[in-house]
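Enquirer: Mind having a look at this structure? Questions to follow.
The values are calculated or read from the model by the stated rules, or taken from the named source; none is laboratory data. Since we're looking at a predicted model, the values are computed, not measured. These accessible areas exclude ligands, DNA and RNA; they are computed on the full protein's heavy atoms, side chains included. Shrake-Rupley method; radii C 1.70, N 1.55, O 1.52, S 1.80 Å.
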Amino acid sequence: MSDWTIANQADLERWTNIRTDSRREVLRAITFGLIYLLAALAVGAYLLISVEAITDGTIIFVGWDVVEVSFPWMNVLAWIYAGLAVSFILLFVVFQLSLRHRLPATLVRLVAICPILGRVQQTLASAETLQSVYHAVLAEQPYGDAFQTAADEIQSPLWKRWASSVSTRFQAGQSIEKAMRQVPLNDHPIAAVITLGQDTLTHAETVRLWHQATEECHALLQSRTRRSIRFISHTGVIIATLLAGMAILSSNTYLVQMLEGLRW
């Protein structure tokens, strides 16, 4: 085995590990974020329901009049918290399936709209696609066969469909600019391949081009993974704090009005 083959194999394993680590780190961050949110919603809903149940039927004096304390909106707010909990769980499941490439292409497009997480999911898929094509190009396969090989290896249904269509266009004799149009994620590594990947390049130059694009895409994935983890951590804590604070404020409003009435 030549030094180049050993180096190439090391690159393939390193890129695979980068994608695996990125997926695992994002999933861990999403899981902890969900735990924070569910804990805040559970505590808030329990507080609202408990205060409303304890003070149910309580009467206060307003002047000489007897008034029953009633805040029906607190029960409604508790149900809203329950609905938010279900929504967060569903979103968690969707992102889990998306990062594991278990969603159909239509839903993948919807997830891609989501800021931060959608870009990470798409960059994961594009990095896998670039690596598959690079491996096929390294084996001196023509572009049509290389993209068909990638389509067979890619897990993302959206990118699998795109790679298959690109293979068909190459086999029909189209240029790289026309064949690789409508890229699901037009990041600069893929844009560089489309711009520079002309048919006039030698095999060594083509291999070097795809290697550089794959390397840059995985570096971009690592950067976006770090940003997404910070975003999830900070946003999860802030939202959890706001939800818990809203429940405490609502309960205090209930108790303060009751105590004010009893004082008079």
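Enquirer: Quick one: 3J(HN,Hα) in Hz for the range 204-213, Karplus 6.51/-1.76/1.60 with θ = phi - 60°, rounded, Gly and Pro as x.
Expert: 5, 5, 5, 4, 5, 5, 5, 5, 5, 5
Enquirer: OK, next. Report the Cα-based extents of the chain along its three principal axes, largest first, to the nearest Å.
Expert: Result, largest extent first: 96, 36, 25 Å.
Enquirer: While we're looking at this one, here's another question. Over the Cα atoms of the range 87-170, Rg to Rh with Kirkwood Rh, two decimal places?
Expert: 1.06
Enquirer: Same structure, new question: Please compute the Cα-Cα pair-distance distribution of the range 66-127 with 5 Å bins starting at 0, giving whole percents from short to long.
Expert: In order of increasing distance, the bins hold 4, 16, 20, 15, 9, 8, 8, 6, 4, 3, 3, 2, 1, 0 percent.
Enquirer: Nearest 10 degrees is fine. How inclined is helix 143-153 to the longest principal axis of the chain, computing both from alpha carbons?
Expert: 40 degrees
Enquirer: Follow-up question, since we're still on this one. Taking the range 115-155, how much of its Cα-Cα pair set, in percent, is spaced more than 12 angstrom apart?
Expert: Roughly 56 percent, once rounded to a whole number.
Enquirer: Per DSSP H run of n ≥ 4, the term is -39500 (n - 2.57); total these for the chain, divide by its residue number, and report the mean residue ellipticity at 222 nm rounded to 500 deg cm²/dmol.
Expert: -28000 deg cm²/dmol
Enquirer: Helix 72-99: angle to the longest alpha-carbon principal axis of the chain, degrees 0 to 90, nearest 10?
Expert: 10 degrees
Enquirer: Helix 157-171 versus the longest principal axis of the chain: what is the Cα-based angle in degrees, 0 to 90, to the nearest 10?
Expert: Compared with the principal axis, the helix lies near 20 degrees.
Enquirer: Please report the carbon-and-sulfur percent of the accessible area for the range 125-196; probe 1.4 Å, protein heavy atoms only, DNA, RNA and ligands left out.
Expert: Looking at the range 125-196 in its full context, I get 48 percent from C and S.
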